[in-house]
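Notes to accompany the following structure.
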Amino acid sequence: MVAFMWTIISFLLICLTIETTYCSRFAPAPSPNPESVSTAGAPGSHSETHHPSRAAPASAPAHDPTSEASAPSAAIPESMRRIFDVTQYGAVSDGQSDSQLAFLSAWNDVCDWDGEPTLLIPKGTFFVSPITFQGPCYNNYPLKIEIAGTLKAPSDVHEFEEPSWIVIKKLNNFIFTGNFTGILDGQGEESWARPPCRGKKRCKEYPHSIRFRKVSNATISNISLLNSKCFHISFLDSSNVLMSGINITAPGNSRNTDGIHLSRSSDIKITSSRIGVGDDCVSIGAGNTNIAIFSVYCGPGHGISVGSLGKYDNEKDVAGISVKNCTINSTTNGLRIKTWPGPQAIKVNNISFEDIKMINVSNPIIIDQKYCPGHSCDSDISSVELNNIRFFNIKGTSHTSSAVNIFCSPKVPCKNLHLRDINLTYANGSTFAESTCFNTLGANFEMENPIPCVNSDQSYLAPWNMENNLH
């Protein structure tokens with residue numbers, strides 16, 4: 001009897017196992033979300049670039065901007081990946097027909113896609129009027145903008161109602177790449193011939209080639225920009241951005257064509273890039289924190305600058321700027337901090353320039369707290385306070401005899417200024433390079449060339465303190 005009962009129990013267990021296996025293998029899959037299904041390649045019926053009626057997903061996985069931009073996310077199902085090719089929306093690659101509306105139609109569908117969308121601008125030359133790609137978008141995974149071709153801006157500045165050509169606005173968690181072939185051509189030659197703005201507090205601003213406004217968690221890589229009418233790339237109120245493989249080119253005499261300008265932004269990293277323009281290769285304006293610039297080649301241009309600062313009311317402090325392992329070649333300035341005279345009092349703290357190679361650079365190291373282009377300022381005294389400024393291991397040749405120029409404010413002298421391992425020789429070979437310093441407190445100069453400026457007016461030296469070595 002006991003043996004018979006064990007036989008019955010074993011038989012029931014076998015049946016249960018078979019039923020479970022059968023159900024798990026042949027049960028129907030969950031129905032797809034009907035909102036995520038779209039007809040492939042169909043042009044959008046509207047051209048607005050923002051979607052206020054829906055809230056962006058709060059649980060979208062955070063994109064790591066330090067990861068390889070082109071690497072697909074293994075966790076994303078293939079069905080959730082989608083490429084939106086602008087030529088399927090009517091964009092024409094003849095370099096003359098305006099593709100703005102086609103780009104906007106494609107963008108609307110990209111921004112509405114719930115998975116991992118790619119806005120693709122394929123190889124070819126596309127003429128595009130001023131355009132804004134605005135979020136927030138509703139992608140649950142990193143959105144991608146891929147420019148494989150060449151975009152050309154209108155050459156006439158009168159075709160711009162706002163001082164921008166391309167605007168990326170209110171976008172989070174995205175990749176912007178040129179895939180090594182993409183080019184943004186600002187066609188700025190006509191604007192460079194305009195008369196200079198002199199003696200005015202505010203001058204008319206010409207179009208930037210691309211503006212990033214209120215963007216976050218982004219990777220921008222492997223794209224070329226050339227001949228902007230004003231700044232090539234600018235950031236405002238943005239955070240957590242990695243830029244690499246950026247190639248920016250404009251003639252050395254093209255006015256105000258800064259390569260990359262940063263304003264009121266944080267945690268921005270620029271690396272492995274080449275910039276040659278008619279103004280600052282990189283300019284770091286007011287309100288920036290935690291900015292890192294590594295392995296950038298700069299030239300021609302005006303060098304790498306912190307500033308200008310102190311020109312406008314209500315500017316924010318600047319802190320945590322690191323420039324390292326860069327080469328600066330044949331520029332009118334090298335490493336520069338520039339502040340305007342006037343009552344605007346902000347603080348600039350913890351600025352580090354380290355491991356920089358200079359090649360025939362005018363003014364390789366310069367702090368200019370009397371910065372006033374046009375010489376029309378009401379005062380010659382700056383209220384901007386500089387503290388913990390470090391120039392370490394700066395070597396190479398100076399095009400001018402003045403290799404180190406420190407002009408701090410008599411109202412707020414520079415504090416904790418450190419120059420160490422400085423070796424800058426005058427490029428003509430017949431004269432020693434010189435250094436000049438004014439209005440410094442708690443300064444330390446360990447310079448091989450030029451000779452330290454120990455006797456300059458109101459400059460004070462203090463022993464080197466390793467606690468101030470914050471780099």
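Structural remarks
- Among the residues listed as N247, N290, the single one being on the phi > 0 side of the Ramachandran plot, surrounded by fewer than 23 Cβ atoms within 10 Å (Cβ to Cβ) and in a strand (DSSP E or B): N290
- If only residues of the range 293-303 that are part of a strand (DSSP E or B) and either more than 15 Å from S272 (Cβ to Cβ) or of a type in the set (F, W, Y) (or both) are counted, the one that is farthest from the chain's Cα centre (by Cα) is Y297.
- Among the residues of the range 188-227, those identified as in a loop (DSSP other than H, G, I, E, B), among the hydrophobic types (A, V, I, L, M, F, W, C) and either modelled with pLDDT under 95 or touching a Phe, Trp or Tyr at 6+ places or on another chain (Cβ under 7 Å) (or both) are A193, C197, C203.
- V318 vs. criteria aliphatic (A, V, I, L, M) and more than 20 Å from the chain's Cα centre (by Cα): no
- Residue in the range 195-206 that is of a type outside the set (V, I, T) and buried (at least 18 other Cβ atoms within 10 Å of the Cβ) present: yes
- Checked against the criteria, F103 counts as within 24 Å of the chain's Cα centre (by Cα) and crowded, with 23+ Cβ neighbours inside 10 Å.
- Residues of the range 154-163 that turn out to be closer than 21 Å to G95 by Cβ and either open to solvent by 20 Å² or more (accessible area, probe 1.4 Å) or in a strand (DSSP E or B) (or both), as a count: 6
For (1) buried (at least 23 other Cβ atoms within 10 Å of the Cβ); (2) among the hydroxyl-bearing types (S, T, Y), each residue gets a yes or a no:
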| position | (1), (2) |
| --- | --- |
| S216 | no, yes |
| I233 | yes, no |
| L236 | no, no |
| G259 | yes, no |
| S272 | no, yes |
| V277 | yes, no |
| G285 | yes, no |
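- Residue within the range 326-340 that is under 14 Å from the mean Cα position of the chain (by Cα) and either of a type in the set (S, T, Y) or in a strand (DSSP E or B) (or both) present: no
- Yes/no for L143 being open to solvent by 20 Å² or more (accessible area, probe 1.4 Å), at pLDDT 95 or above and of a type in the set (A, V, I, L, M, F, W, C): no
- Count - residues of the range 101-153 that are basic (K, R) and assigned to a strand (DSSP E or B): 2
- Candidate set: the range 364-388, residues that are modelled with pLDDT of 95 or more and more than 13 Å from K338 (Cα to Cα); chosen: the one surrounded by the most Cβ atoms within 10 Å (Cβ to Cβ): P364
- Scanning the range 398-419 for residues that are surrounded by 20 or more Cβ atoms within 10 Å (Cβ to Cβ) and among the hydroxyl-bearing types (S, T, Y) turns up S398, S409.
- Here G307 fulfils each of the conditions (1) open to solvent by 10 Å² or more (accessible area, probe 1.4 Å); (2) in a strand (DSSP E or B); (3) in contact (Cβ under 8 Å) with a residue 40 or more places away in the chain; (4) not aliphatic (A, V, I, L, M) apart from (1).
- Residue list for the range 148-174, restricted to those being over 13 Å from W107 (Cβ atoms) and among the hydrophobic types (A, V, I, L, M, F, W, C): A148, L151, A153, V157, F160, W165
- Test: D279 is out of contact with any helix residue (DSSP H, G or I) (no Cβ under 8 Å at 6 or more places or on another chain), within 20 Å of N363 (Cβ to Cβ) and either in a strand (DSSP E or B) or modelled with pLDDT of 95 or more (or both): yes
The values are calculated or read from the model by the stated rules, or taken from the named source; none is laboratory data. What you see is a predicted model, and the numbers here were worked out from it, not measured in a lab. Neighbour counts run over all protein chains shown; Cβ positions are idealised from the backbone, glycine included. SASA here: full protein model, heavy atoms, side chains in, ligands and nucleic acids out. Shrake-Rupley method; radii C 1.70, N 1.55, O 1.52, S 1.80 Å.
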